[in-house]
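Participant: Structure incoming, see below.
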Amino acid sequence: MPTIQVEETVNVGREALFDVLTDHEKSDRFRGVQSCTLIQEGTHERNGLGAVRRVKLGGPALLDEAIVVFERPEVYEYRIVQSRPFPIKHTLGRVELEALGANRTKVTWTSTFEVSVPVVGKRIGNHAAPQFARLFRSAIHTAAKAALDAAA
């Protein structure tokens, strides 16, 4: 099962960064995401615990992700609960934000998954892992810029 772990430090406050990263309906600002629709609101916050988002990645690729941990502004976790065109067994999607000062945040994004297709699933997963690592890195920096722009 491939595990991706990306660590990036950005010059923006943790709270503002958390807000941008968890604003599901604006996730199309991130490279590789064509659209993101909230198909179920969270229990206490619209984008929080219990929320389900549908992420269209391009072509036929579609993921439904459920928010399973939401501890503002430190961490959120998500699980892929449905996917196409390939079934994905997703055991961890975790984004941790550590404040390193008022305007500096370390982000650790971890994802563990398996493409559940006989014979070629492992090859597909191993091919996808570095691409997703690049997308996670890009999303962190795009979110930081969006948070800074919103504060200006």
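Participant: In this structure, does A66 turn out to be under 14 Å from the mean Cα position of the chain (by Cα) and modelled with pLDDT of 95 or more?
Facilitator: yes
Participant: K106: modelled with pLDDT under 90, in a strand (DSSP E or B), out of contact with any helix residue (DSSP H, G or I) (no Cβ under 7 Å at 6 or more places or on another chain) and surrounded by fewer than 16 Cβ atoms within 10 Å (Cβ to Cβ), yes or no?
Facilitator: no
Participant: Return the total of residues in the stretch 62-85 being part of a strand (DSSP E or B) and out of contact with any strand residue (DSSP E or B) (no Cβ under 7 Å at 6 or more places or on another chain).
Facilitator: Count: 1.
Participant: Of everything in the stretch 1-35 that's touching a residue at least 60 places away in the same chain (Cβ under 8 Å) and of a type in the set (G, A, S), which residue is least open to solvent (accessible area, probe 1.4 Å)?
Facilitator: Only one residue fits best here, namely G13.
Participant: Consider L38 carefully, then state whether it is farther than 27 Å from P130 by Cβ and modelled with pLDDT of 95 or more.
Facilitator: yes
Participant: While we're looking at this one, here's another question. Here are the criteria: (1) farther than 15 Å from R31 by Cα; (2) at pLDDT below 95; (3) among the aliphatic types (A, V, I, L, M); (4) open to solvent by less than 70 Å² (accessible area, probe 1.4 Å). Tell me which single one A61 does not satisfy.
Facilitator: Condition (1) is where A61 drops out.
Participant: Could you list all residues from the stretch 1-60 that are within 16 Å of R94 (Cβ to Cβ), of a type in the set (D, E, K, R) and part of a helix (DSSP H, G or I)?
Facilitator: Correct list: R14 only.
Participant: Residues of the stretch 111-152 being among the β-branched types (V, I, T) and modelled with pLDDT of 90 or more, which ones?
Facilitator: Across the stretch 111-152, the qualifying residues are I140, T142.
Participant: Now, a different point. Quick check: is even one residue across the stretch 86-102 in contact with a Pro (Cβ under 8 Å, 6 or more places away or on another chain), at pLDDT below 95 and either part of a helix (DSSP H, G or I) or open to solvent by 20 Å² or more (accessible area, probe 1.4 Å) (or both)?
Facilitator: The answer is no, given that none of the residues of the stretch 86-102 is in contact with a Pro (Cβ under 8 Å, 6 or more places away or on another chain), at pLDDT below 95 and either part of a helix (DSSP H, G or I) or open to solvent by 20 Å² or more (accessible area, probe 1.4 Å) (or both).
The values are calculated or read from the model by the stated rules, or taken from the named source; none is laboratory data. Since this is a predicted model, take the numbers as computed values, not measurements. Heads up, the Cβs are rebuilt from the backbone with ideal geometry, glycines too, and the neighbour counts pull from every protein chain shown. With ligands, DNA and RNA removed, areas are computed over all heavy atoms of the protein, side chains included. Shrake-Rupley method; radii C 1.70, N 1.55, O 1.52, S 1.80 Å.
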